[in-house]
Amino acid sequence: MHTALFLDAGPLTINGTFWVEVIAFILMVLFLAKVPLPFLGIPKPVFPWIISIAEARQRAITEQLHDAEKARTDAEAQRAEATAKLQDAQRTAQGVIDAAGKSAEQLRQEIRGKADDEARRIKESARREIEAERALALQSVREQVASLVVDATEKVIGETLDSDKHRQLIDKAIAEVASGDGRG
């Protein structure tokens, strides 16, 4: 019957082997917690050594996380600063563009005004020249008409007229020519 007990043994069957394993485990834990193993490169007991390594690793990770957070914060600050500088540069560029546009418009208006003034001046000068040429042409025509009238009068009458009579005849002839009927 005793053998049947061992055949029915499962993973949690408490028997002699179980107690030996529990005692061996406890002794191994105590050994690892109290005895250093310098020949294996472990200067102090294994558990405190493992715990110190884990704590050092945890501190290093925490420090790296802190440094990463600080770097992220710095990067965000630099990005915000760069964005602000970019916006400032865009505003400055837009101001320069606007100022150049205004300057160009003023220059265009100035050139247009000067061109208009120059055109008026040239037009007025041409008008005066035309008037002067017209006056000269009229004077020349008057003199020619007067000369023709005097010549014709001398031939018809056979004598030279005095200055007043001469002037009256010239004015009468010019008036007839100007009226276009040839009669006066």
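The values are calculated or read from the model by the stated rules, or taken from the named source; none is laboratory data. Predicted model only: the values in this text are computed from it and were never measured. Glycine also receives a Cβ, built like all others from the backbone with ideal geometry; neighbour counts cover every protein chain displayed.
Please tell me if Ile42 is at pLDDT 85 or above, hydrophobic (A, V, I, L, M, F, W, C) and surrounded by 10 or more Cβ atoms within 10 Å (Cβ to Cβ).
no
Restricting to segment 153-178, what's the tally of residues that are exposed (fewer than 12 other Cβ atoms within 10 Å of the Cβ) and modelled with pLDDT under 70?
Summing the residues that are exposed (fewer than 12 other Cβ atoms within 10 Å of the Cβ) and modelled with pLDDT under 70 in segment 153-178 gives 6.
Restricting the first residue to segment 45-56 and requiring it to be free of Cβ contacts under 8 Å to residues at least 24 places away in the same chain, which pairs with a second residue that is of a type in the set (Lys, Arg) and surrounded by 10 or more Cβ atoms within 10 Å (Cβ to Cβ) meet a Cβ separation below 8 Å and a spacing of at least six or different chains?
Close Cβ pairs satisfying both conditions: Pro45/Lys34; Ser52/Lys44.
Go over the candidates Arg127, Arg112 one by one and state the one that is part of a helix (DSSP H, G or I) and over 31 Å from the mean Cα position of the chain (by Cα). First the steps, then the outcome.
Working: Arg112 fails: over 31 Å from the mean Cα position of the chain (by Cα).
Among Arg127, Arg112, only Arg127 is part of a helix (DSSP H, G or I) and over 31 Å from the mean Cα position of the chain (by Cα).
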